[in-house]
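Pasting a structure below so you can have a look.
The values are calculated or read from the model by the stated rules, or taken from the named source; none is laboratory data. Bear in mind the structure is a predicted one, so any value in this text is a computation, not a measurement. For neighbour counting, all protein chains shown are included, and Cβ atoms are generated from backbone atoms with ideal geometry for every residue, glycine included.
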């Protein structure tokens, strides 16, 4: 398989996920919301006809609901978000021609969006899915470009724009996907009836 999907994933542990939601609603409710998000991520990715890599944040869980027949289980490197994404791409693009990375925060993500992203990546060097808060829910590339992750201020409303600027400086082509919502705050939970 030439195509690969990378899922950056936090183990669903009390007090370790959706901390901005937990500030308002408590750790248990935040974990409940996160579990709904990862269940959704699994539903929209499990039947994708690509190699799928699940990169755990804390430890590899061989007893969870992510079937190792469908997902190759790996551990993220330690470090910031940019470092973790960069190293995952570096590893997977040694084996595959194209790779797309997602998290588990986008309740609007669908199988169709992912299939379209892989199609766009056949014609472009990059594909990117912007979020309404100025970040992105998906990034794909057909070769390893580490510069895309360097000197970035993550978790701001400038991430998407800065990434596009970096792509433009390389004179590579990119395709943008529809803008979707990430679930990071209580208002996002209410918007999608996750409470």
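Could you tell me which residue of the range 20-34 is surrounded by the most Cβ atoms within 10 Å (Cβ to Cβ), considering only residues that are within 26 Å of residue 100 (Cβ to Cβ) and out of contact with any helix residue (DSSP H, G or I) (no Cβ under 7 Å at 6 or more places or on another chain)?
Here the residue is 34.
Another question about this same structure. Between residues in the range 1-26 that are within 18 Å of residue 189 (Cα to Cα) and residues that are in a loop (DSSP other than H, G, I, E, B), which pairs lie under 7 Å by C-beta distance while being six or more apart or on different chains?
Cβ pairs passing all conditions: 16/10; 17/10; 20/184; 20/185; 21/185.
Of the residues 60, 38, only one is under 20 Å from residue 84 (Cβ atoms) and assigned to a helix (DSSP H, G or I); which?
Details: 60 fails: assigned to a helix (DSSP H, G or I).
Of the residues listed, the single one that is under 20 Å from residue 84 (Cβ atoms) and assigned to a helix (DSSP H, G or I) is 38.
Filter the range 99-124 down to the residues that are outside any loop (DSSP other than H, G, I, E, B) and touching a strand residue (DSSP E or B) at 6+ places or on another chain (Cβ under 8 Å) and list them by number.
Of the range 99-124, the ones outside any loop (DSSP other than H, G, I, E, B) are 99-102, 111-123.
Passing the criteria: 99, 100, 101, 102, 113, 114, 117, 118, 120, 121, 122, 123.
Take the residues in the range 67-89 that are part of a loop (DSSP other than H, G, I, E, B) and farther than 15 Å from residue 54 by Cα; name whichever of them is nearest to the chain's Cα centre (by Cα). Write out each step before concluding.
Narrowing the range 67-89 to residues part of a loop (DSSP other than H, G, I, E, B): 67-71, 76-80.
Still in the running and farther than 15 Å from residue 54 by Cα: 78-80.
Working: 78: 17, 79: 16, 80: 14 Å.
Applying the filter and picking the extreme gives 80.
Would the range 90-98 turn up any residue that is in a helix (DSSP H, G or I), touching a helix residue (DSSP H, G or I) at 6+ places or on another chain (Cβ under 8 Å) and closer than 21 Å to residue 147 by Cβ? Talk me through it step by step, then tell me what you get.
Step one: of the range 90-98, the residues in a helix (DSSP H, G or I) are 90-92.
Add one more test, that the residue is touching a helix residue (DSSP H, G or I) at 6+ places or on another chain (Cβ under 8 Å), and what stays is 90.
After this cut, where a residue has to be closer than 21 Å to residue 147 by Cβ as well, the list is 90.
Yes, some residue in the range 90-98 is in a helix (DSSP H, G or I), touching a helix residue (DSSP H, G or I) at 6+ places or on another chain (Cβ under 8 Å) and closer than 21 Å to residue 147 by Cβ.
Being assigned to a helix (DSSP H, G or I), touching a helix residue (DSSP H, G or I) at 6+ places or on another chain (Cβ under 6 Å) and surrounded by fewer than 19 Cβ atoms within 10 Å (Cβ to Cβ) is true for just one of 166, 190. Which residue is that? Before you say what the answer is, go through the steps one by one.
Working: 190 fails: touching a helix residue (DSSP H, G or I) at 6+ places or on another chain (Cβ under 6 Å).
Exactly one of 166, 190 is assigned to a helix (DSSP H, G or I), touching a helix residue (DSSP H, G or I) at 6+ places or on another chain (Cβ under 6 Å) and surrounded by fewer than 19 Cβ atoms within 10 Å (Cβ to Cβ), namely 166.
Then there's this: Can you confirm whether residue 47 is in a loop (DSSP other than H, G, I, E, B), touching a strand residue (DSSP E or B) at 6+ places or on another chain (Cβ under 8 Å) and over 22 Å from residue 174 (Cα atoms)?
Details: in a loop (DSSP other than H, G, I, E, B): yes; touching a strand residue (DSSP E or B) at 6+ places or on another chain (Cβ under 8 Å): no; over 22 Å from residue 174 (Cα atoms): yes.
For residue 47, the condition - in a loop (DSSP other than H, G, I, E, B), touching a strand residue (DSSP E or B) at 6+ places or on another chain (Cβ under 8 Å) and over 22 Å from residue 174 (Cα atoms) - is not met.
Further question: Take the residues of the range 99-113 that are surrounded by 20 or more Cβ atoms within 10 Å (Cβ to Cβ) and over 11 Å from the mean Cα position of the chain (by Cα): which is farthest from residue 9 (Cα to Cα)? Please lay out each step first, then the result.
Step one: filter the range 99-113 for residues surrounded by 20 or more Cβ atoms within 10 Å (Cβ to Cβ), giving 99-107, 109.
Keeping just the survivors that are over 11 Å from the mean Cα position of the chain (by Cα) gives 99, 107.
On the way: 99: 16, 107: 14 Å.
The residue in question is 99.
Which residues, taken from the range 125-154, are loosely packed, with under 14 Cβ neighbours inside 10 Å, outside any helix (DSSP H, G or I) and in contact with a helix residue (DSSP H, G or I) (Cβ under 9 Å, 6 or more places away or on another chain)?
150, 151, 153, 154
The rows are residues; the columns are (1) at pLDDT below 95; (2) over 16 Å from the mean Cα position of the chain (by Cα); (3) loosely packed, with under 14 Cβ neighbours inside 10 Å; (4) more than 19 Å from residue 113 (Cβ to Cβ).
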position	(1), (2), (3), (4)
15	no, yes, yes, yes
45	no, no, no, no
49	no, yes, yes, no
59	no, yes, yes, yes
63	yes, yes, yes, yes
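Of all residues in the range 169-187, which are out of contact with any strand residue (DSSP E or B) (no Cβ under 8 Å at 6 or more places or on another chain) and surrounded by 13 or more Cβ atoms within 10 Å (Cβ to Cβ)?
If we filter the range 169-187 for residues that are out of contact with any strand residue (DSSP E or B) (no Cβ under 8 Å at 6 or more places or on another chain), which is where we start, we get 169-171, 183-187.
If the condition is that a residue be out of contact with any strand residue (DSSP E or B) (no Cβ under 8 Å at 6 or more places or on another chain) and surrounded by 13 or more Cβ atoms within 10 Å (Cβ to Cβ), then 170, 183, 184, 185, 186 are the ones that fit.
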